[in-house]
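The values are calculated or read from the model by the stated rules, or taken from the named source; none is laboratory data. Computed from a prediction, not measured in an experiment: that's the story for all the values here. Here the Cβ is made from the backbone with ideal geometry for all residues, glycine too, and neighbour counts use every protein chain on show. To get the accessible areas, we keep the full protein, side chains included, count just its heavy atoms, and leave off ligands, DNA and RNA. Shrake-Rupley method; radii C 1.70, N 1.55, O 1.52, S 1.80 Å.
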Amino acid sequence: MKNLFYGMQPVCRKEFTHIVRDPTTLFFALLIPLIQLFLFGFAVDTNVRQIPTVIYDESQTQESRSLVQSFAASDVFRIASAVQSPDAMYDTMRSGKARVAVRIPFDYARNLQLGKTASVLVLVDGSDSSIAGIAVDASTGVALEQSLMRVPGMMSPAIEVRPSVLYNPSTRSANFFIPGLIAVLLQIMIILLIALSLVREKERGTLEQLKMTPIAPLGLMVGKMIPYGALGFGELCMILTAMRFIFRVPIHGSVILLLMMLLPFLLTVLGIGLVISTKAQTQAAAFQLAMGTVLPSVFLSGYIFLTATMPVFFRGISYLIPVTYAIQILRGIILRGATFADLWVNVAVLTVMGCAAILLAARAFVKQGAG
Amino acid sequence: MSAASAVIHAENLKIQFGDFVAVDDVSFEIQKGELFGFLGPNGSGKTTIIRALCGLIPLTSGSATILGMDVRQHAKDIKRHVGYMSQKFGLYEDLTVAENLNFYAAAYGLTGQPAKARIEELLELTGLRPYLNRRVSQLSGGWKQRLALACAIIHSPEVVFLDEPTAGIDPVARRSLWDLFFQLSGQGVTFFVTTHYMDEAERCGRLGYIYMSKLIALGTIGDLQKLPDANPAGTSRLEIATLDASKLLVELRKAKGVREATIFGREIHALVETDAIEALKAQYPQLTIRTIDASLEDIFVTLTYAIMAETK
């Protein structure tokens, strides 16, 4: 056992010295994820509000003005302009000045008075799918509300749904996105740090020298993982602090449990960094490979899109992405106050992935004696 | 000089990467305390042989032992008895001299008092003591090489492989590094040195010349000078003193019976068919022409041409 990890201690000590010797790199490594947290944390808000809306009211009646009032009163729409012709209405849409257009026909009021169904045209800009869906729902809601008001004697609807949002009652985007963002930011930072550190040794020829010493492959790898794992852990604590006290995202579960359960995630991303370092011959190549992990981790991990609604193939891929499991742990503990019993599967999967990545890297490293 | 007493023993080494044969049927023996020089153009297989002897790459066929240990079975044990210094130094530039020494000592399992004592010894040997706390990036090429050597022999290896150890350093630093090699070799350390420099090759007790993956010459300088291939039958080596060497060189290369001609300062060394010498002397009566022994460079050039002619 000792032989398998031979050389771990001197490598680890040397690596810490490298880190301390280069405070600029250390500073940026720690600072950049924090800056990104601030950028994305404040920028990302998926709650759609105040969609610019253009009104083309041909009816110009009390009834039509009441309908426009309803649109204006909802938080979803914001009346951006009123136009007097269909062309002007389409122009406003095409130029992007309005995302929604409401056209009230000249016979709107008359149809209502005759007890017929009065139709209203609502045009929705489909170029932004999240806006489109919400605008359609909200305009249906406005129409329903107006219709009910016209039923005599009906002061309140017969059925009322009272939604109660658990765990994130204000449905703040920050609460949902920042826990996921932590996993993505940590991953890219750690992969880059460890992969570059190993590939640098390749470029400078020190790796060749190390291979001539009795240092075992696992000793070298674990020796490198300890310092960069420690840096990643420090960064995690900093980001969590910023999340809690600057973005005011409450942590409902145990912070200690959260930190412990994320250790296997650190192990996995360190392992991925090692695998990348065995494939890349130059620091530039390592950088490219590390960046290649970012998009799948963002889009296929459930960070932005629900994995449950993905096509089967992509759902399969999402199971192979470590961030998927880290996000389960982060959201589970931070938002839902989940316990170990709720989340242990994620920890198990990450542990297996991490060990597999490290063994894969160690094997490639031994084979590359010829490299 | 039996196989058993040889420190390095290589027999019919063959190393292949896919279809490419990097080392082809190479055999040699190196005795304890020898300073063995290994020459050959870039890409001829020198570094590959070192890496194979250290167990970093597998032999395709053939066998090799170091200190009696088979490189196939005992790669790990061999590492503890072998030092290696490459042309790339293998030093950490952002660490200090002391930190590099401490790291490599620990890498070989040397810690505490024994490590301290060994580092003291090496500082004495290499004269690095004044630079102990300086970062490697601030050292000159010569001092870097000395430090690289100190790191390579920190575990007191019996065998040291030096892969172009003096590439790119100045002649003074080169000479003092070679003095170090001789000093260690005198203490019984066996050296296997690859080099491009003929003056360095001449310092080696014995030489091997590898070309196109094959070992084409092996022996002392005296042995090599007597090689039939280096002195093709019916030819002589001439030294021709002239005032306009470059002009004469062009003429000589066209002249009948001249196989090779090259400039050495103000003289031309030529390999000339013996029956053509008289004609040459008649053609250039004003020049001093005398017969000489082949220099090391002459030998290698002639051998290389011979192989090139064969492969054509």
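Out of all the residues in the stretch B:216-240, which are exposed (fewer than 14 other Cβ atoms within 10 Å of the Cβ) and not in a loop (DSSP other than H, G, I, E, B)?
Answer for the stretch B:216-240, where residues must be exposed (fewer than 14 other Cβ atoms within 10 Å of the Cβ) and not in a loop (DSSP other than H, G, I, E, B): B:G222, B:D223.
Exactly one condition in (1) in a helix (DSSP H, G or I); (2) open to solvent by 20 Å² or more (accessible area, probe 1.4 Å); (3) away from chain A (no Cβ under 14 Å) is not met by B:L184; state its number.
For B:L184, the failing item is (2).
Can you report the number of residues in the stretch A:1-53 which are open to solvent by 60 Å² or more (accessible area, probe 1.4 Å), outside any helix (DSSP H, G or I) and within 14 Å of chain B (Cβ to nearest Cβ)?
Within the stretch A:1-53, residues that are open to solvent by 60 Å² or more (accessible area, probe 1.4 Å), outside any helix (DSSP H, G or I) and within 14 Å of chain B (Cβ to nearest Cβ) number 5.
Search the stretch A:29-45 for residues that are touching a residue at least 60 places away in the same chain (Cβ under 8 Å) and pair each with any residue that is of a type in the set (S, T, Y) and open to solvent by less than 60 Å² (accessible area, probe 1.4 Å) when their beta-carbon atoms are under 8 Å apart and the residues are at least 6 apart or on different chains.
From residues that are touching a residue at least 60 places away in the same chain (Cβ under 8 Å), the pairs are A:V44/A:S173; A:D45/A:S173.
One line per residue, one yes/no per condition, for (1) part of a loop (DSSP other than H, G, I, E, B); (2) of a type in the set (A, V, I, L, M, F, W, C); (3) within 13 Å of chain A (Cβ to nearest Cβ):
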{"residue": "B:K32", "(1), (2), (3)": "yes, no, no"}
{"residue": "B:F38", "(1), (2), (3)": "no, yes, no"}
{"residue": "B:G43", "(1), (2), (3)": "yes, no, no"}
{"residue": "B:S63", "(1), (2), (3)": "no, no, no"}
{"residue": "B:F89", "(1), (2), (3)": "yes, yes, yes"}
{"residue": "B:N102", "(1), (2), (3)": "no, no, yes"}
{"residue": "B:E120", "(1), (2), (3)": "no, no, no"}
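Answer with yes or no whether A:F16 is modelled with pLDDT of 90 or more, within 34 Å of the chain's Cα centre (by Cα) and under 30 Å from A:K211 (Cα atoms).
yes
Is one or more of the residues making up the stretch B:206-222 out of contact with any Cys (no Cβ under 6 Å at 6 or more places or on another chain), closer than 29 Å to B:T274 by Cα and free of Cβ contacts under 8 Å to residues at least 12 places away in the same chain?
So far as the stretch B:206-222 goes, yes, one or more of its residues are out of contact with any Cys (no Cβ under 6 Å at 6 or more places or on another chain), closer than 29 Å to B:T274 by Cα and free of Cβ contacts under 8 Å to residues at least 12 places away in the same chain.
Quick one: is B:V82 within 23 Å of the chain's Cα centre (by Cα), within 8 Å of chain A (Cβ to nearest Cβ) and open to solvent by less than 20 Å² (accessible area, probe 1.4 Å)?
Yes: the conditions hold for B:V82.
Note down all Cβ pairs under 9 Å where the first residue falls in the stretch B:252-268 and is of a type outside the set (A, V, I, L, M) and open to solvent by less than 70 Å² (accessible area, probe 1.4 Å), the second is modelled with pLDDT under 85 and not in a helix (DSSP H, G or I), and they're at least six residues apart or on different chains.
Short answer, once both residue conditions are applied: B:F264/B:S295; B:E267/B:T242.
Pairs under 6 Å by beta carbon, first residue of a type in the set (A, V, I, L, M) in the stretch B:77-95, partner buried (at least 24 other Cβ atoms within 10 Å of the Cβ) and not in a helix (DSSP H, G or I), six or more apart or different chains?
B:I78/B:G55; B:I78/B:I66; B:M85/B:L162; B:M85/B:P165
Using the structure shown, decide if A:I182 is open to solvent by less than 30 Å² (accessible area, probe 1.4 Å), away from every other protein chain (no Cβ under 14 Å) and either in contact (Cβ under 8 Å) with a residue 12 or more places away in the chain or of a type in the set (K, R) (or both).
Yes, satisfied.
Hey, any hits in the stretch B:268-276 for a residue that's among the hydroxyl-bearing types (S, T, Y) and closer than 30 Å to B:V193 by Cα?
No; the residues of the stretch B:268-276 include none that is among the hydroxyl-bearing types (S, T, Y) and closer than 30 Å to B:V193 by Cα.
Taking the condition open to solvent by 10 Å² or more (accessible area, probe 1.4 Å) and either assigned to a helix (DSSP H, G or I) or not acidic (D, E) (or both), does B:G109 pass?
yes
Output the residue which, of all residues in the stretch B:122-179 that are part of a loop (DSSP other than H, G, I, E, B) and among the aliphatic types (A, V, I, L, M), is nearest to B:L67 (Cα to Cα).
Among those that are part of a loop (DSSP other than H, G, I, E, B) and among the aliphatic types (A, V, I, L, M), it is B:I153.
Scan the stretch A:313-371 for residues that are open to solvent by 50 Å² or more (accessible area, probe 1.4 Å), hydroxyl-bearing (S, T, Y) and assigned to a helix (DSSP H, G or I) and report the count.
Summing the residues that are open to solvent by 50 Å² or more (accessible area, probe 1.4 Å), hydroxyl-bearing (S, T, Y) and assigned to a helix (DSSP H, G or I) in the stretch A:313-371 gives 1.
What number of residues within the stretch A:91-114 are part of a helix (DSSP H, G or I) and aliphatic (A, V, I, L, M)?
So the answer is 3.
So, in the stretch B:159-181, exactly how many residues are open to solvent by 70 Å² or more (accessible area, probe 1.4 Å) and either acidic (D, E) or under 20 Å from B:R80 (Cα atoms) (or both)?
2
For A:I215, state whether it is farther than 30 Å from A:N175 by Cβ, facing another protein chain (nearest Cβ under 9 Å) and not small (G, A, S).
When the stated conditions are applied, A:I215 passes them.
Pick from the stretch A:210-220 the residues that are in contact with a Leu (Cβ under 8 Å, 6 or more places away or on another chain) and under 24 Å from B:V136 (Cβ atoms): which of them is most open to solvent (accessible area, probe 1.4 Å)?
A:K211
Tell me which residues, restricted to the stretch B:65-79, are at the interface with chain A (Cβ under 7 Å from one of its Cβ atoms) and either farther than 17 Å from A:I215 by Cα or surrounded by fewer than 17 Cβ atoms within 10 Å (Cβ to Cβ) (or both).
B:K76
Looking at A:L67, A:L148, A:L123, A:L114, can you tell me which residue is crowded, with 17+ Cβ neighbours inside 10 Å and more than 30 Å from A:S173 (Cβ to Cβ)?
Of the residues listed, the single one that is crowded, with 17+ Cβ neighbours inside 10 Å and more than 30 Å from A:S173 (Cβ to Cβ) is A:L67.
Under 25 Å from A:R49 (Cβ atoms), open to solvent by 40 Å² or more (accessible area, probe 1.4 Å), of a type in the set (V, I, T) and assigned to a loop (DSSP other than H, G, I, E, B): does that describe A:V136?
When the stated conditions are applied, A:V136 does not pass them.
Answer yes or no as to whether A:I239 is open to solvent by less than 10 Å² (accessible area, probe 1.4 Å) and farther than 20 Å from A:I191 by Cβ.
No, not satisfied.
Where residues in the stretch B:45-58 are within 13 Å of chain A (Cβ to nearest Cβ) and closer than 17 Å to B:T195 by Cα, which of them is most open to solvent (accessible area, probe 1.4 Å)?
B:T47
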